[in-house]
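The values are calculated or read from the model by the stated rules, or taken from the named source; none is laboratory data. Please read all numbers here as calculations on a predicted model, not as lab measurements. Glycine gets a Cβ as well: all are built from the backbone with ideal geometry, and neighbour counts include every protein chain shown. Each accessible area value is taken on the protein alone, full model and side chains, heavy atoms only, with ligands, DNA and RNA left out. Shrake-Rupley method; radii C 1.70, N 1.55, O 1.52, S 1.80 Å.
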Amino acid sequence: MNRKVALITGAASGIGQALAVAYARVGVAVVGGYYPADPHDPQTTVALVQQAGGECLMLPLDVGDTASVDALAAQAVEHFGRLDYAVANAGLLRRAPLLEMTDALWDEMLNVDLTGVMRTFRAAARHMGEGGALVAISSIAGGVYGWQEHSHYAAAKAGVPGLCRSLAVELAAQGIRCNAVIPGLIET
C-alpha cells in the first residue's frame, strides 16, 4: 500500500476528529483511538472521514494503559500495512483547586495527558521508519501560561514540549520527527 497512515488518539471529537478529516482530505488513511466511556460517538468520525473521501478505522483505546496503546499501533499496521504519523491528542480536562487536589487526581491527569503521550509515541515509533512523524497536542495552559484550579492539567501539558524536544533529538537518526503543538481554545 502506498497510501500513508495516521494514528490519532482522542479521535472521536474536537481536535482529533478535525485532524482525522484533514488527513482524509489529503489521502491519508486514519486509525482513530477513542475512549469507550467518552460520550462522543466514534462512528461520527468514521462518517466524516468517509465524506472527505478517506478511510477510517476507529478502535477503543485507553492511553492510560500500555497494552491498549500497543494494541492500537499494532492493529493500525495489521489493517493498513504501515504507520507513518501518530498524533497524541487524547487528554483529560478537569478542574481541581490545589487545596482539593488529591494524589489520585494528580496521578490520573499526568498518566493520561503526559504519560499517555509517551505511550503513544513509544508504540507508534516501533512501527515507523524514515519520514515518520510524531505530534503531541499540548495546551496554551501550561505551555505558555498558568490556569487557575488546573495546576495538574497545566503541569502535564507543560511536560509535553519537553518530552517532544528530547524525542526529536533521540529519533532524528531514524528519520522520525517529533513536535508539540500548543493550541489555545479551538472551535472545531
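Worth a mention:
- One residue from Leu83, Leu72, Leu57 being in a loop (DSSP other than H, G, I, E, B) and either open to solvent by 60 Å² or more (accessible area, probe 1.4 Å) or modelled with pLDDT of 95 or more (or both): Leu83
- Residue ID - least open to solvent (accessible area, probe 1.4 Å), chosen from residues in the stretch 97-124 that are closer than 20 Å to Gly10 by Cβ and in contact with a His (Cβ under 8 Å, 6 or more places away or on another chain): Met109
- Filter pass, Ile15 being open to solvent by less than 20 Å² (accessible area, probe 1.4 Å) and either out of contact with any Phe, Trp or Tyr (no Cβ under 8 Å at 6 or more places or on another chain) or not in a loop (DSSP other than H, G, I, E, B) (or both): no
- Among residues of the stretch 158-170 that are assigned to a helix (DSSP H, G or I), those with a Cβ under 8 angstrom from a residue that is open to solvent by 50 Å² or more (accessible area, probe 1.4 Å) and among the polar types (S, T, N, Q), sequence gap 6+ or separate chain, pair up as Cys164/Asn179; Ala168/Asn179.
- Annotation note: Cβ proximity below 6 Å between a residue of the stretch 1-30 that is over 18 Å from Gln43 (Cβ atoms) and without any contact (Cβ under 8 Å) to a residue 60 or more places away in the chain and a residue that is buried (at least 24 other Cβ atoms within 10 Å of the Cβ) and aliphatic (A, V, I, L, M) (sequence gap 6+ or interchain) occurs for Val28/Ala6.
- Within the stretch 18-54, the set of residues being more than 14 Å from Ile137 (Cβ to Cβ), surrounded by 15 or more Cβ atoms within 10 Å (Cβ to Cβ) and hydrophobic (A, V, I, L, M, F, W, C) comprises Val21, Ala24, Val28, Ala29, Val30, Val31, Val46, Leu48, Val49, Ala52.
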